[in-house]
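The values are calculated or read from the model by the stated rules, or taken from the named source; none is laboratory data. Fair warning: this is a prediction, and the values are worked out from it, not measured in the lab. Cβ coordinates were reconstructed from backbone atoms using ideal geometry, including for glycine residues, and neighbour counts include every protein chain displayed. When the accessible area is computed, the model is the full protein with side chains, heavy atoms only, and any ligands, DNA or RNA have been set aside. Shrake-Rupley method; radii C 1.70, N 1.55, O 1.52, S 1.80 Å.
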Amino acid sequence: MCASPIEEYALLADGRSGALVGRDGSVDWWCPARFDGPSVFARLLDNDSGGHWFIRPDGEFDVERQYLDGTLVVRTVFTTRDGSVAITDGLALDAEARGHEIGHYPPGLLLREVEGLSGRVPMVMSYEPRFEYGRVRAHLLRHGTTIVARATGSTLGLAPSVPVDCRDVDASATFTVEAGRRETFSLSYSPTYHQREPMAVDVSAALADTVEAWRSWSGAHTYPGLYAPLVRHSVLVLQGLTYQLSGSVVAAATTSVPVTAEGQQTYDYRYVWLRDFSLTLRALSSAACPDEAVRLFRWMAEAIGVVGMEPVPIMVGVEGERDLSERQIDVLDGYVETGSVRLGNAAWTQRQHDILGQIVDAAWLLRRSLEPLPDDVHRLLRDIIKQAAQTWREPDSGVWEMREELRHNLTSKVSCWLALDRAVRFGTRLGSPAELRRWAAIRDEIRETILREGWNERVGAYTGAFDSDQLDASVLALPLVGFIRADDPRMLATVERIQRELTVDGLVRRWPGEPGGFLACSFWLVQCLALAGDPDRAAELFESLAGRANDVGLFAEQIDLCTGRQVGNFPQAFSHIGLIAAAWRLTETQIDRYSQAGKATS
């Protein structure tokens with residue numbers, strides 16, 4: 001029995017954690033305490049020892065599935081020679097919570113309802129919890145009709161509507177579902193020592209309430225632009241990756257899913273990348289989610305705290321934890337037996353100048369909602385601007401978090417320019433007239449240096465770092481932040497070179513030789529084409545990229561260029577942020593075209 005390819009999973013979410021359920025009906029990943037907490041199912045990272053919970057037809061079957069409209073509740077229809085059956089899966093939201101209140105205090109319930117659609121379908125269930133990344137197999141004990149497992153401070157309670165064969169460390173069942181009949185299963189999580197017993201629940205009613213809760217949130221957000229169904233779904237995915245108590249958005253729900261077939265580059269993405277902050281806020285704002293954007297910004301200011309000249313943290317835990325020390329565990333074999341499972345992420349110690357511009361740009365984006373600037377935000381922005389002004393000449397690890405020597409990365413310099421540019425735009429709300437003149441002078445010096453040192457005459461393009469001959473797709477961000485016009489001759493030459501040498505079937509590699517196309521960079525190319533005056537090509541590329549999503553509209557980090565399969569941690573917030581931003585850029589381009597056409601005919 002093997003775990004499914006990463007693209008065959010759907011995300012379930014409850015505002016605290018995320019679970020992955022495959023097309024085969026198997027829940028292969030769930031860290032119920034919170035996104036970055038220990039797992040109870042991790043078959044995704046070990047076929048035998050990770051733990052799983054599957055319900056499926058006993059025999060061969062075909063599969064069709066979809067999210068119920070406006071929700072992260074998934075309905076899977078299995079068709080067999082004996083008939084058809086549907087399984088509806090969801091993580092329960094807070095009972096009766098609606099709109100922006102959903103997900104704050106979820107009950108810790110994984111809900112599964114089996115419904116017979118036609119014929120009589122033999123079914124099989126297998127339940128094998130494994131606590132703390134497979135380290136602990138707990139004894140399963142019957143408490144009435146509930147099967148309870150306790151270990152490592154966690155308690156699970158399985159409540160099935162069918163008879164179950166309960167053994168020492170696993171349980172199974174066989175049953176038949178005929179048309180019109182329903183069987184239900186719930187799995188409750190609670191901290192063992194909080195004096196809360198496993199919950200008994202009406203699964204059908206809880207699922208219905210969860211569906212209504214998701215739709216109440218979705219209905220409160222209207223996106224007025226192009227590709228509205230795709231954007232609304234991507235925003236829903238971002239909401240599913242949000243830890244609701246703080247409002248922070250994790251990069252992905254998983255750890256250690258590699259981006260290469262050889263299992264290289266396995267990292268833990270269950271944290272919050274502050275470095276991508278303005279991109280996240282811009283996506284939320286574009287998709288008409290201003291409340292979420294402002295809440296996220298305020299949380300970020302609290303998580304960063306007082307800033308001196310030490311590196312600003314590029315990532316934190318979901319409640320703002322700073323120490324994300326990385327370690328490898330040898331209990332699990334790794335995704336498709338790659339042998340590398342990491343918890344934590346060593347990049348938390350890096351200096352990346354990119355975060356400086358991201359923070360000030362985010363404040364500029366939300367300036368009307370933050371007016372007047374709160375004292376802590378005012379101090380934070382001034383500290384960030386001071387650091388950008390004093391450290392922009394220093395090398396750093398860069399946006400791709402390279403773990404070797406530091407470089408003078410182009411986008412890092414641009415981010416320092418961005419911090420100072422937005423500071424000048426804030427005017428006297430942030431600084432005195434003398435400070436504004438000094439900030440403007442440093443901003444202009446940075447820009448002149450980038451234009452001089454970042455352009456490589458031999459390559460005929462802006463490259464990834466000063467004195468480097470290597471193309472790097474990160475430079476596609478230059479026109480997106482307003483550093484340079486997309487139709488500037490040198491930027492046009494850079495985009496053309498990236499399309500010729502880094503792009504395969506519309507997928508943009510970050511650097512030469514990378515085996516996968518990085519989806520966020522590919523959506524940046526869409527924006528560059530639109531800004532450069534080629535909206536038709538941009539739209540064609542956008543639609544091609546959108547078609548790379550899996551059957552329930554989810555993206556990983558990359559697409560393998562040889563197999564066309566998705567690779568990397570899943571689902572990837574950065575990829576969905578790229579889609580939202582590209583769709584809105586195409587919308588703005590269309591508005592501008594209509595406006596120009598109107599002026600020409602008036």
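Brief remarks follow.
- Residues (closer than 21 Å to ALA362 by Cα, at pLDDT 95 or above and hydroxyl-bearing (Ser, Thr, Tyr)) located in region 244-279: TYR271
- Residue match in region 88-105 (condition: part of a loop (DSSP other than H, G, I, E, B), at positive phi and in contact with a Phe, Trp or Tyr (Cβ under 7 Å, 6 or more places away or on another chain)): no
Okay, residues lined up against (1) touching a Lys or Arg at 6+ places or on another chain (Cβ under 8 Å); (2) in contact (Cβ under 8 Å) with a residue 24 or more places away in the chain; (3) buried (at least 22 other Cβ atoms within 10 Å of the Cβ):
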| position | (1), (2), (3) |
| --- | --- |
| LEU525 | no, yes, yes |
| ASP536 | no, no, no |
| GLY547 | no, no, no |
| GLU557 | no, yes, yes |
| ARG565 | no, yes, no |
| GLY568 | no, yes, yes |
| ALA573 | no, yes, yes |
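- Scan of region 151-173 for residues that are within 19 Å of PRO191 (Cα to Cα) and either modelled with pLDDT of 95 or more or open to solvent by less than 20 Å² (accessible area, probe 1.4 Å) (or both), ordered by number: ALA151, SER154, THR155, LEU156, GLY157, LEU158, ALA159
- Residue pairs whose Cβ atoms lie under 6 Å apart, separated by 6 or more positions or on different chains, with the first residue in region 496-523 and closer than 18 Å to ILE580 by Cα and in contact (Cβ under 8 Å) with a residue 60 or more places away in the chain and the second among the hydroxyl-bearing types (Ser, Thr, Tyr) and in a loop (DSSP other than H, G, I, E, B), do not occur.
- Criterion: over 23 Å from ALA213 (Cβ atoms) and either in contact with a His (Cβ under 9 Å, 6 or more places away or on another chain) or open to solvent by 40 Å² or more (accessible area, probe 1.4 Å) (or both) - qualifying residue of GLU96, GLU60: GLU60
- Options GLY37, GLY70, GLY50; residue that is in contact with a Gly (Cβ under 6 Å, 6 or more places away or on another chain), in a loop (DSSP other than H, G, I, E, B) and open to solvent by less than 30 Å² (accessible area, probe 1.4 Å): GLY50
- Enumeration of residues in region 19-34 that are under 16 Å from VAL85 (Cα atoms) and not in a strand (DSSP E or B): ARG23, ASP24, GLY25
- Listed conditions (1) under 20 Å from the mean Cα position of the chain (by Cα); (2) assigned to a helix (DSSP H, G or I); (3) not acidic (Asp, Glu) are all met by VAL318, apart from (2).
- Of the residues making up region 174-195, those that are within 35 Å of the chain's Cα centre (by Cα) and either modelled with pLDDT of 95 or more or open to solvent by 90 Å² or more (accessible area, probe 1.4 Å) (or both) are ARG182, GLU183, THR184, PHE185, SER186, LEU187, SER188, TYR189, TYR193, HIS194, GLN195.
- Set side by side, the residues ILE384, ILE355, ILE359, ILE304 differ, and just one is out of contact with any Ser or Thr (no Cβ under 8 Å at 6 or more places or on another chain) and under 22 Å from ARG447 (Cβ atoms), which is ILE384.
- Residue pairs whose Cβ atoms lie under 8 Å apart, sitting 6 or more positions apart in sequence or on different chains, and linking a residue in region 361-379 that is touching a residue at least 60 places away in the same chain (Cβ under 8 Å) to a partner that is open to solvent by less than 60 Å² (accessible area, probe 1.4 Å) and polar (S, T, N, Q), are ASP361/SER278; ALA362/SER278; LEU365/SER278; LEU365/SER285; LEU366/SER285.
- Top-ranked residue in region 402-428 [being free of Cβ contacts under 8 Å to residues at least 60 places away in the same chain and among the charged types (D, E, K, R); ranked as most open to solvent (accessible area, probe 1.4 Å)]: GLU405
Table: residues versus (1) over 23 Å from the mean Cα position of the chain (by Cα); (2) modelled with pLDDT of 95 or more; (3) open to solvent by 50 Å² or more (accessible area, probe 1.4 Å).
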site	(1), (2), (3)
GLN328	no, no, yes
VAL336	no, no, yes
LEU366	no, no, no
SER369	yes, no, yes
LEU373	yes, no, no
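- There is at least one residue in region 502-512 that is open to solvent by 10 Å² or more (accessible area, probe 1.4 Å) and either of a type in the set (S, T, N, Q) or modelled with pLDDT under 95 (or both).
- Residue satisfying condition, being assigned to a loop (DSSP other than H, G, I, E, B) and among the acidic types (Asp, Glu), within set GLU540, GLU588, GLU514: GLU514
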